[in-house]
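Asker: One structure, as structure tokens, below. Some questions next.
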Amino acid sequence: MDNVIATTLPHADFGDADCCGCLNGIIIGDQAQIVCNECRAIIRTVAARELQQTLTEMELTLDVASAKCPHCGAVNLFPGFSQMLAFTCRECGEAVQLASPEG
């Protein structure tokens, strides 16, 4: 659907600590709403032309974990996470298991 921008922005970090949903941008004419995909709460309304910038700014307020793929060398970013233990590389598609955190 061209008028929906799906994200992994957790609603729990933007207003409802008990909600397990993620926020999506939905363009309706010249306006856009940022809506939870679980509880359907409208978090914010912005001009459609400002939606992507608003979502990016929201993403930048979250923790971001990064990990380099040992297979292809690509750096993978994981907004909303402070650490990754395993992931699928977004560049080459290989599964990566990182060393367990010490402690």
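Asker: Which value at 222 nm does the chain reach when only helices count, each DSSP H run of 4 or more adding -39,500 (n - 2.57), with the total divided by all residues and rounded to the nearest 500 deg cm²/dmol?
Answerer: On the way: 1 runs with 10 residues, N = 103.
That calculation yields -3000 deg cm²/dmol at 222 nm.
Asker: Mind checking segment 1-95 for chymotrypsin sites (Phe, Trp or Tyr not before Pro) that DSSP puts in a loop (not H, G, I, E or B) and that have at most 16 other Cβ atoms within 10 Å? Mind dumping the intermediate values first?
Answerer: Details: sites: Phe14, Phe81, Phe87; in loops: Phe14, Phe81.
Those satisfying the criteria are Phe81.
Asker: Using Cβ counts within 10 Å as a stand-in for footprinting exposure, how do Cys20, Cys69 rank, fewest first? Walk me through the intermediate numbers first.
Answerer: On the way: Cys20 12, Cys69 18.
In order of increasing Cβ crowding within 10 Å: Cys20, Cys69.
Asker: Moving on to the next point. Two decimals, Cα atoms only, Kirkwood Rh: what is Rg/Rh over segment 4-60?
Answerer: Details: Rg = 10.3 Å, Rh = 11.0 Å.
With Rg and the Kirkwood Rh in hand, the quotient comes to 0.94.
Asker: Run the dipole for segment 1-78 about the Cα centre, Lys and Arg Cβ at +1, Asp and Glu Cβ at -1, nothing else charged, and hand back the magnitude in debye, nearest 20.
Answerer: On the way: 4 positive and 10 negative charges, 37 e Å.
Computed charge dipole of segment 1-78: roughly 180 debye.
Asker: Continuing with the same structure: Taking the Cα atoms only, what angle lies between the long axis of helix 51-60 and the longest principal axis of the chain, rounded to 10 degrees?
Answerer: That helix lies at roughly 40 degrees to the long axis.
Asker: Something else about it: List, largest first, the extents of the alpha carbons of the chain along their principal axes, each in whole Å.
Answerer: 45, 29, 20
Every number in this text was worked out from the coordinates using simple rules, so none of it is lab data. Here the structure is a predicted model, which is why all the values come from computation and not from measurement. Every residue, glycine among them, receives a Cβ derived from its backbone with ideal geometry; neighbour counts consider all protein chains shown.
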